[in-house]
Amino acid sequence: MVNSLLLAGAAALVAAQVDIPEIPGITYGGYSYVNPSGQWIPPTTAYSKGEYKQVVMLSFDGMHQFDLMDYVAKYPNSTWATIILKNGIMYENARASEPSDSFPATTALFCGASPRVSGIWWDDVYDRALYPAGSNCTGPIGSEAAWDESNDLNSSLIDGGGALNVSHLPMQLTSWGTCQPVYPHNYLRVNTVFEVGRANGLVTAYADKHLTYEFMNGPSGVGLSEIYTPEVASVANTIQAQLAWDDLHWSALRNWTKGNFANGTKNPDGPPSMYGANFQAITWAQTNAGYLDALGAQPNKSLEMALQYADARLGTFLGDLKAAGQLDSTLLLVGSKQGQGPINAANETFISDVHLTASVEAAGIKVAQTTADDGGIMWLVDQSQAQAAKANLLANTTLGVAYVLAGDEIQHAGFGSPWLDSRVPDLIIGAKVGYLWASSPRFEDHGGYLPQDLNVPLIAYNPYLEPANNSIFVSNRQVASTMVKALGLPLAQLDGYRIEGTPVLPGVFKWDN
């Protein structure tokens, strides 16, 4: 009852376009504050080794670079336009992760690592080294690992039922022979920026869409001082409800700038030095309404509303930082973890993802799992049949397959070896422009490897930065290294930087100019 009243109230605020509400006394996501005394050094709010005292990353999921440019052209007095023209560095050729699904896309932003290193390929994957949920590590090895709302105790509730359903988690044998469930943070092979921050005594916080995003705690399990995950799957399928859900995150951001927990109660350790959040209204509007033209210059009504709302709330957040005395000392990174497609609804071809599996199995090749949207990945029961499966997919001209990487080709492309790594898929499947493989019809989705998935906005903002349009190709993975360096933390402590050499974003730091 409380949850429905809060969402109804937030929906009313959407219509009224008034200020963001405070939401005292209620915590969503089922994860309480953890003070890991004895594990980390005591927290401090006075860390001052870097150029900035706070660093924040905001992801407006689904947004493309062309969305940003079209919006700025139409609304030259908007918040987006203001930060770009006055003190923002706009990276015109920023790229999301490949694959561009939300899980590896989030990992790119906050770990600086590719799937080859992080082990994160999609939010629904197959792992040859795990056992199925409830198996007690007996029977055939190899299991699906779904990191979406299906792992909530109750995904119809805004708090997801208060915790993850342990009985739904895949299982692994430990080195000492016992069987244990694999939590999302256990599945991540590299650390997060939040772990680096917390290991150096900083307060950290993050907000996302499912309880499984607790994986941003990192392998330690406690990299975040606070994780806030109101379950987006519980929200009504309307633009008003999606905007209201976004407001829960905006409210958390406001409370964090004030030195509070997400629910408005005082945090004894003060405001976070490193934090972030995502927003869903834009991606929902793209999925459910899309664009009115082939180039994406004319968003549907609900998408236009979502873009305007994001712009207004971003302006409010800048005001919150200023009111807290933090704006001048904050590096704000604003962008999107992934794009979406197809853009041209008139030429879209929807094909159920089961047809990819069926096409391969019709050739006598058994599929362990297929995961697909506007791109796909596939695991086979017999890995030696990868080239035969590839030939079958390319021969079936009705599927809209543009290309397939199979077996060793995946390693040669830099994605890791399916022979040596239990998580690397046996096939990577690229879709032709306009094709969408999914379980149910929709206008757009993400996960693929096309420009519509990868060309995302990325802006670095601070009132003292020199405005610039940077045309160098950069990766979202560089956000993680930039966040660590902004606070003066040792870059070598970030696995993504140490293993893959992920550089910082150009132009942000004085000594790099």
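The values are calculated or read from the model by the stated rules, or taken from the named source; none is laboratory data. Since the model is a prediction, treat every value here as computed from it, not as a measurement. Neighbour counts run over all protein chains shown; Cβ positions are idealised from the backbone, glycine included. For accessibility, only protein heavy atoms count, side chains too; no ligands or nucleic acids. Shrake-Rupley method; radii C 1.70, N 1.55, O 1.52, S 1.80 Å.
DSSP loop chymotrypsin sites (Phe, Trp or Tyr not before Pro) in the stretch 426-513 with at most 13 other Cβ atoms within 10 Å of their Cβ, which ones?
Loop-located and lightly packed - TYR464.
Rank TYR435, ALA406, VAL424 by how far each Cα sits towards the positive end of the charge dipole of the stretch 380-478 (+1 on Lys, Arg Cβ; -1 on Asp, Glu Cβ) and give me just the farthest.
TYR435
Among ILE351, ASN476, LEU332, whose Cα sits farthest toward the positive end of the charge dipole of the chain (+1 at Cβ of Lys/Arg, -1 at Cβ of Asp/Glu, about the Cα centre)?
So the residue furthest toward the plus end is LEU332.
Once all Cα-Cα distances of the chain are split into 10 Å bins that start at 0, what whole-number percent is in each one?
Result returned by the calculation: 4, 19, 31, 28, 14, 3, 0.
Using only DSSP helix segments of four residues or longer, with each worth -39500 (n - 2.57), what per-residue ellipticity at 222 nm results for the chain after dividing by its residue count and rounding to 500?
-8500 deg cm²/dmol
Using a probe of 1.4 angstrom, how much of the accessible area of the chain is carbon and sulfur, in percent?
That share works out to 55 percent.
Just the isolated ones, please: cysteines in the chain lacking another cysteine beta carbon under 4.7 angstrom.
Within the chain, the cysteines lacking a partner Cβ under 4.7 Å are CYS111.
Sort SER471, SER118 by heavy-atom solvent-accessible area, probe 1.4 angstrom, most to least.
SER471, SER118
Under 10 °C and 1.306 mPa s, how fast does the stretch 402-513 diffuse according to Stokes-Einstein, given a Kirkwood radius computed over C-alpha pairs? Answer in µm²/s, whole number.
Once the numbers are plugged in, D ends up at 92 µm²/s.
Per residue and in Å³, how big is the convex hull formed by the alpha-carbon atoms of the stretch 376-467?
Considering the Cα atoms of the stretch 376-467, their hull volume per residue is 165 Å³.
With a sphere of radius 12 Å drawn around the Cβ of GLY162, what net charge do the other residues whose Cβ falls strictly inside it have (Lys, Arg +1; Asp, Glu -1)?
-3
Whole percent per 10 Å bin, from 0 to the bin with the longest distance: what is P(r) over all C-alpha pairs of the stretch 61-199?
Using 10 Å bins, I get a P(r) of 10, 28, 30, 19, 9, 4, 0 for the stretch 61-199.
Tell me, what is the percent relative contact order of the stretch 374-513, built from C-alpha pairs under 8 Å that lie six or more residues apart?
Relative contact order for the stretch 374-513 comes out at 20 percent.
In terms of Cα to Cα distance under 16 Å, which aspartates and glutamates are near enough to LYS266, apart from those fewer than 8 places away along the same chain?
In chain and number order, the partners are GLU22, GLU226.
Could you tell me which helices of the chain pass both thresholds, a Cα extent of 15 Å or more along their own axis and a mean Kyte-Doolittle hydropathy of at least 0.0, with helices taken as whole DSSP H runs?
What comes out of the filter, once short or polar helices are dropped, is 2-16, 301-323.
Between GLN298 and ALA413, what's the calculated FRET efficiency when r is the beta-carbon distance and R0 is 56 Å? Round to 0.05.
Plugging the Cβ-Cβ distance into 1/(1 + (r/R0)^6) gives 0.95.
Could you work out the per residue convex hull volume over the alpha carbons of the stretch 332-487, in cubic angstrom?
Convex hull volume per residue, Cα atoms: 145 Å³.
How much of the DSSP bridge set in the stretch 179-286 is antiparallel, in percent, rounded to the nearest 5?
Of those bridges, close to 10 percent are antiparallel.
Assuming R0 = 35 Å, can you tell me the calculated FRET efficiency for the pair ARG498 and THR398, based on Cβ-Cβ distance, to the nearest 0.05?
The formula returns an efficiency of 0.15 here.
For the stretch 435-476, compute the orientation-averaged projected area of the C-alpha convex hull (one quarter of its surface), in nm².
Computed as one quarter of the Cα hull surface, the answer is 4.7 nm².
Under a point-charge model restricted to the Cβ atoms of Lys and Arg (+1) and Asp and Glu (-1), what is the dipole moment magnitude of the stretch 264-366 relative to its Cα centre, in debye to the nearest 20?
Roughly 200 debye for the stretch 264-366.
Quick one: work out the % antiparallel among DSSP beta bridges in the chain, nearest 5.
If I count the DSSP bridges inside the chain, around 55 percent turn out antiparallel.
What is the distance in Å between the Cα centroid of the stretch 415-477 and that of the stretch 61-122?
Centre-to-centre distance over Cα atoms comes out at 9 Å.
Going by a ≥ b ≥ c, the root eigenvalues of the Cα gyration tensor, does the stretch 279-348 fall in the rounded group (a/c under 1.5), the prolate group (a/b larger than b/c) or the oblate group?
prolate
Using alpha carbon coordinates only, what is the Rg to Rh ratio of the stretch 160-243, with Rh defined as the Kirkwood radius?
Using Cα coordinates only, the ratio equals 1.05.
Mind checking which lysines have their Cα closer than 18 Å to the Cα of LYS86? Skip sequence neighbours fewer than 8 apart in that chain.
LYS74, LYS322, LYS510
For LYS209, list the lysines whose Cα falls under 23 Å from its own Cα; do not include residues on the same chain fewer than 8 positions away.
Straight-line reach from LYS209, under 23 Å: LYS258, LYS337.
Looking at the square roots a ≥ b ≥ c of the eigenvalues of the Cα gyration tensor of the stretch 463-510, which shape do they give, rounded for a/c under 1.5, prolate if a/b is larger than b/c, or oblate?
Oblate.
At 1.4 Å probe size, with every protein chain present, just tell me what the per residue accessible area of the chain comes to in Å².
Computed with neighbouring chains in place, this is 36 Å² per residue.
Please work out how much length the chain gains when fully extended from ALA363 to HIS168, using 0.36 nm per residue of separation minus the C-alpha to C-alpha distance, in nm with one decimal.
67.0 nm is the gain from fully extending ALA363 to HIS168.
On average, how much area does the Cα convex hull of the stretch 324-369 cover when viewed from any direction, in nm²?
7.5 nm²
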